[in-house]
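**Student:** Please see the structure below; I have some questions.
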Amino acid sequence: MTVQILPERFKTEDQRALVADLGAVLERAPLFVPRMPRSGKPFSVRMTNCGPLGWVSDIDGYRYQPHHPETGAPWPEIPQRLLDLWHEVAGVPVGPEACLVNLYGPGTKLGLHQDRDERTFEAPVVSVSLGDTAVFRIGGTTRKAATRSMRLASGDVIVFGGDDRLAYHGIDRILSGSSSLLPEGGRINLTLRRVTPF
Ligand SMILES: O=C(O)CCC(=O)C(=O)O
Ligand SMILES: [Fe+2]
């Protein structure tokens with residue numbers, strides 16, 4: 001496996017600073033409810049983005065676009081702390097273009113999927129967990145491959161690249177009350193992605 005796990009990469013103080021950075025992002029780019037292509041069924045996770053591009057999903061499909069789907073405004077910049085993380089761990093000579101922000105309340109799940117809407121898979125996906133612990137599942141590059149489950153706690157970072165860049169993954173559940181980082185509870189996941197070839 002070329003999934004690299006960096007437990008507690010962000011210590012409590014840095015986690016708090018990241019939450020403050022995200023507060024500023026959310027003021028400019030409010031959370032929206034993504035919907036499944038075709039059916040329009042809402043996801044249980046709420047999302048927003050920062051960076052030159054953001055990932056959105058609606059009845060017309062999944063895509064990256066430079067503006068917020070509801071306000072029409074460009075996405076805010078990726079906080080420096082996250083750019084620094086990317087440059088330390090991603091191992092590519094270019095920056096990320098999108099940072100997808102997912103907010104999980106109690107009972108939120110994210111089905112097994114691949115991150116494959118990018119136009120390049122040469123850069124890894126760098127994922128940061130904040131708040132309540134998630135039960136994360138990761139498998140192989142086919143839906144049928146065996147999966148394993150692991151817990152992602154606040155401050156943990158995982159980097160999936162190389163052979164695992166297209167590994168199926170998802171969130172089985174959130175362990176409510178496992179962290180006091182977020183005043184209202186729940187979990188935030190940030191994924192930094194490169195979208196265009198370099
Ligand atoms: O919340 C997570 O840890 C994973 C999020 C994810 O897979 C995604 O946004 O594509
Ligand atoms: Fe994903």
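The values are calculated or read from the model by the stated rules, or taken from the named source; none is laboratory data. Because the structure is predicted, anything quoted here is derived from the model rather than measured. Cβ sites come from the backbone with ideal geometry, for glycine too, and all protein chains shown count toward neighbours.
**Student:** Output yes when any residue across the stretch 164-185 is under 22 Å from residue 77 (Cα atoms) and within 11 Å of ligand 1 (Cβ to nearest atom), and no when none is.
**Tutor:** So far as the stretch 164-185 goes, no, none of its residues is under 22 Å from residue 77 (Cα atoms) and within 11 Å of ligand 1 (Cβ to nearest atom).
**Student:** I would also like to ask the following. With the stretch 70-156 as the region, which strands (runs of 3 or more DSSP E) entirely inside it contain at least 2 residues that are within 10 Å of ligand 1 (Cβ to nearest atom) and within 14 Å of the chain's Cα centre (by Cα)?
**Tutor:** Qualifying strands (runs of 3 or more DSSP E): 98-104, 110-113, 125-131, 134-138.
**Student:** Can you tell me which residues in the stretch 51-61 are part of a loop (DSSP other than H, G, I, E, B) and either at negative phi or aromatic (Phe, Trp, Tyr) (or both)?
**Tutor:** Of everything in the stretch 51-61, those that are part of a loop (DSSP other than H, G, I, E, B) and either at negative phi or aromatic (Phe, Trp, Tyr) (or both) turn out to be 52, 53, 59, 60.
**Student:** Being touching an Asp or Glu at 6+ places or on another chain (Cβ under 7 Å), on the phi < 0 side of the Ramachandran plot and surrounded by 13 or more Cβ atoms within 10 Å (Cβ to Cβ) is the filter here; which residues of the stretch 7-18 pass it?
**Tutor:** Within the stretch 7-18, just 9 meets the criteria.
**Student:** Would you point out the residue of the stretch 37-50, among those that are over 13 Å from the mean Cα position of the chain (by Cα) and either within 16 Å of residue 115 (Cβ to Cβ) or outside any loop (DSSP other than H, G, I, E, B) (or both), that is farthest from ligand 2 (Cβ to nearest atom)?
**Tutor:** Among those residues, the one meeting the criterion is 42.
**Student:** Would you check which residues across the stretch 165-198 are of a type in the set (D, E, K, R) and either crowded, with 21+ Cβ neighbours inside 10 Å or within 25 Å of residue 65 (Cβ to Cβ) (or both) and list them?
**Tutor:** 165, 187, 193, 194 - these are the residues of the stretch 165-198 that are of a type in the set (D, E, K, R) and either crowded, with 21+ Cβ neighbours inside 10 Å or within 25 Å of residue 65 (Cβ to Cβ) (or both).
**Student:** Then there is this: Out of all the residues in the stretch 19-33, is one or more assigned to a loop (DSSP other than H, G, I, E, B), surrounded by fewer than 19 Cβ atoms within 10 Å (Cβ to Cβ), out of contact with any strand residue (DSSP E or B) (no Cβ under 6 Å at 6 or more places or on another chain) and at pLDDT 95 or above?
**Tutor:** Yes, that holds for at least one residue.
**Student:** Which residue pairs have Cβ atoms under 8 Å apart, sit 6 or more places apart or on different chains, and have a first residue in the stretch 95-124 that is farther than 30 Å from residue 176 by Cα and at pLDDT 95 or above and a second that is small (Gly, Ala, Ser) and more than 9 Å from ligand 1 (Cβ to nearest atom)?
**Tutor:** Hits for this filter: 96/51; 96/90; 96/123; 97/51; 123/90; 123/161.
**Student:** Condition first: of a type in the set (S, T, N, Q) and surrounded by 21 or more Cβ atoms within 10 Å (Cβ to Cβ). Can you find one or more residues in the stretch 130-152 that meet it?
**Tutor:** There is no residue in the stretch 130-152 that is of a type in the set (S, T, N, Q) and surrounded by 21 or more Cβ atoms within 10 Å (Cβ to Cβ).
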